[in-house]
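What follows is one structure encoded as structure tokens, with my remarks underneath.
The values are calculated or read from the model by the stated rules, or taken from the named source; none is laboratory data. Every value quoted in this text rests on a predicted model; they were computed, and no experiment measured them. Neighbour counts are summed over all protein chains in view; Cβ atoms, including those assigned to glycine, are modelled from backbone coordinates with ideal geometry. The area values use the complete protein model at the heavy-atom level, side chains included, leaving out ligands, DNA and RNA. Shrake-Rupley method; radii C 1.70, N 1.55, O 1.52, S 1.80 Å.
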Amino acid sequence: GSEKDTVVLECSHIVAADGAYSKVRRDVGICMSGERDLETFASIHFSSTELGKKLISTGNGAMLSFVFNEETIAVVVAHDMRKGDWVIHVPFFPPIQSAKDFENKNVVENIIRACLGTSFTDDINFDLHSVRAWGMHATRADSFSDLDNRIFLVGDAAHQFPPSGGFGVNAGLVDAHNLACKLTFVKNGFAPNSYLSNYDMERRPVVEEAIQVAVDNYRRGLIPAKILGLDRGVVSSAMSVINTLSPQLNKIAKLYPATGNEADPLNVSKIMFDSLLQAGRFHLNGYGSEKSTFDTRSLLNKFYDYDKARQRLKEIVENKEEGLPLLFPHIDIGFKYCIDPARLENTRGTISEQGDNILSWTSPPHHRTMSGNYDDGRTRCSLRPGCIIPHVYLRKTQTKSTISSLDLCNLGTTFTFIASDLKLIRAMVAELKKNPLHKENKTLMTKFILIVPTSQQNNTFDVEALDIASVFIDISGDWKALCDEWDVSGVLVRPDQHIQLVLSNESDLVSKIAQLSF
Ligand SMILES: Cc1cc2nc3c(=O)[nH]c(=O)nc-3n(C[C@H](O)[C@H](O)[C@H](O)COP(=O)(O)OP(=O)(O)OC[C@H]3O[C@@H](n4cnc5c(N)ncnc54)[C@H](O)[C@@H]3O)c2cc1C
């Protein structure tokens, strides 16, 4: 718009949540590192209630379908089968192909039909909502904030994952939670502005590990395609050959206007490329039903061990262990921040004028961010500094309402101190008051929680009357089990649910609280 439409705002901090192409990130000059354009897709959003009903009634509906056949290669996502809301992601290869190639309703109908298979002969009525291109990247910003700790990147502005981990939204929300917690500390005067540099130091290593998991899972997802003889490397080679030949091809096209179109110099290259892709998919019809494909099978067996490949695919599809994992709780909630300031390492990358400069980062993560798994694969929830407090159901004595231990913490407080021993809570109140950070008799705005066993649920607790602490019942006994397992008698938790420090006993308290600084 014009200059008079411009609004000038003055603020102490900026949180840039402006997505993968973040203008703020570019203006600050923060570089991105990692791999760009692992693949490019056209996402076709359409709806058809009839089709949804039909697939549900025939038992053929799936949330996620990977389609490989002679006519198309696609990933079909049923966002809402009942309402008939779908997105089909079709890989395409720029610059020869573009998302515009899919904007035609007939093309989309052919793709939907190809995804449904040859046995589907009904008419398909559908509404085409949009066709958009998206690139699959595995990148993260070299720094999640500027050097003055006044401008912060969150969400896709700071990182982009292949969707194969489902990490994008979660990671973005955790960025925002982490940063909001730190900004609250600074705004309330408990921490200096420099404390905000911990945002980058805590979040970036976690994001790096998550990107690695998403990339590994993406490559794992390529195994069936490789067994089917589909190789992206071959496609890239074909594309570079066609690109090299493109000037000659365009000259030929001009000589034969009936087949070439002068207005679109890529046309001949595109026809050739599309034909090559089609030829590359031809053998996939051999993977249909055994009866109808006998001839193709015997032909394919002449070129490679088709029967063995078919058997291997069957194993992958049928064996859960070999499937594509879609849940990664150890990444989503099992990560651990290094919150010991002495061990935090500032490895912020370059901030320059050159904008996105795509390099692979080679430095190992600053510290292991995952807290590990149990032998049976369940995510191990630890009562250790930096970890998220484990979820345990608790019942409030006064209101009898049941809540998760995670909901004990909120942004309205600086810390939540949780213990099962009233004496420890009293000692903590006294000790926090002595800490230099404590101001205006706010006990560092700490909330105190006393967790007691069910055997004490009918007791009265003077802490409630004194308004020192809220009392909760450990209804399942899980809280006690965790404290025993980790030899913990009290935990001080940040508003973002991560543990600041743990106490084994009262004698720990004095030294640990004295060290509490930002
Ligand atoms: C195919 C696909 C599948 C995915 N699947 C999953 C999944 O299963 N699970 C998951 O967690 N994630 C998934 N993701 C990733 C997820 O969509 C993103 O990580 C998430 O949307 C990022 O949120 P964001 O708010 O950071 O950025 P965006 O969603 O990009 O939002 C940024 C917003 O900022 C606005 N904006 C930009 N510039 C300006 C400006 N100058 N002024 C004002 N506004 C501006 C934009 O219009 C946009 O609304 C998937 C992504 C794709 C492409």
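Points worth noting:
- At least 3 residues being more than 30 Å from D122 (Cβ to Cβ) and not aliphatic (A, V, I, L, M) is the threshold, and among the strands (runs of 3 or more DSSP E) wholly inside region 1-72 those reaching it are 32-47.
- Boolean, L147 is part of a helix (DSSP H, G or I) and either open to solvent by 20 Å² or more (accessible area, probe 1.4 Å) or more than 25 Å from V235 (Cα to Cα) (or both): no
- Any strands (runs of 3 or more DSSP E) falling wholly within region 379-454 and containing at least 2 residues that are more than 34 Å from the chain's Cα centre (by Cα) and modelled with pLDDT of 80 or more: 446-453
- Region 15-39, residues that are open to solvent by less than 70 Å² (accessible area, probe 1.4 Å) and more than 19 Å from A133 (Cα to Cα): A16, V24, R25, V28, G29, I30, C31, M32, S33, G34
- Annotation note: Cβ proximity below 6 Å between a residue of region 13-33 that is charged (D, E, K, R) and a residue that is open to solvent by 20 Å² or more (accessible area, probe 1.4 Å) (sequence gap 6+ or interchain) occurs for D18/V24.
- Residue list for region 150-168, filter: within 14 Å of I333 (Cβ to Cβ) and open to solvent by 10 Å² or more (accessible area, probe 1.4 Å): G166
- Test: A171 is of a type in the set (A, V, I, L, M, F, W, C), under 21 Å from L38 (Cα atoms), open to solvent by less than 30 Å² (accessible area, probe 1.4 Å) and modelled with pLDDT of 90 or more: yes
- Screening E71 on (1) away from the ligand (no atom under 12 Å from the Cβ); (2) surrounded by fewer than 17 Cβ atoms within 10 Å (Cβ to Cβ) shows it passes everything except condition (2).
- Test: residue in region 95-108 that is closer than 29 Å to A78 by Cβ, in contact with a Leu (Cβ under 6 Å, 6 or more places away or on another chain) and either within 16 Å of the ligand (Cβ to nearest atom) or without any contact (Cβ under 8 Å) to a residue 40 or more places away in the chain (or both): yes
- Of residues in region 1-14 being within 14 Å of the ligand (Cβ to nearest atom) and not acidic (D, E), the one surrounded by the most Cβ atoms within 10 Å (Cβ to Cβ): I14
- Of residues in region 155-200 being assigned to a helix (DSSP H, G or I), in contact with a Ser or Thr (Cβ under 8 Å, 6 or more places away or on another chain) and over 21 Å from G412 (Cα atoms), the one farthest from the ligand (Cβ to nearest atom): S197
- Considering region 74-99, and only residues there that are outside any strand (DSSP E or B) and among the small types (G, A, S), the residue that is surrounded by the fewest Cβ atoms within 10 Å (Cβ to Cβ) turns out to be S98.
- Residue pairs meeting the criteria (Cβ under 6 Å; at least 6 apart or on separate chains; first of a type in the set (S, T, N, Q), in region 238-251; second open to solvent by 70 Å² or more (accessible area, probe 1.4 Å)): N250/P265
- Of the listed requirements (1) at negative phi; (2) out of contact with any Gly (no Cβ under 6 Å at 6 or more places or on another chain), F161 misses just one: (2).
- Looking across D127, D146, one residue alone is over 30 Å from G52 (Cβ atoms), among the charged types (D, E, K, R) and either within 16 Å of the ligand (Cβ to nearest atom) or in contact (Cβ under 8 Å) with a residue 60 or more places away in the chain (or both). It is D146.
- When R219, R203 are screened for being open to solvent by 10 Å² or more (accessible area, probe 1.4 Å) and among the basic types (K, R), only R219 passes.
- Qualifying residue in region 342-356 (condition: under 30 Å from V67 (Cα atoms) and at pLDDT 50 or above): no
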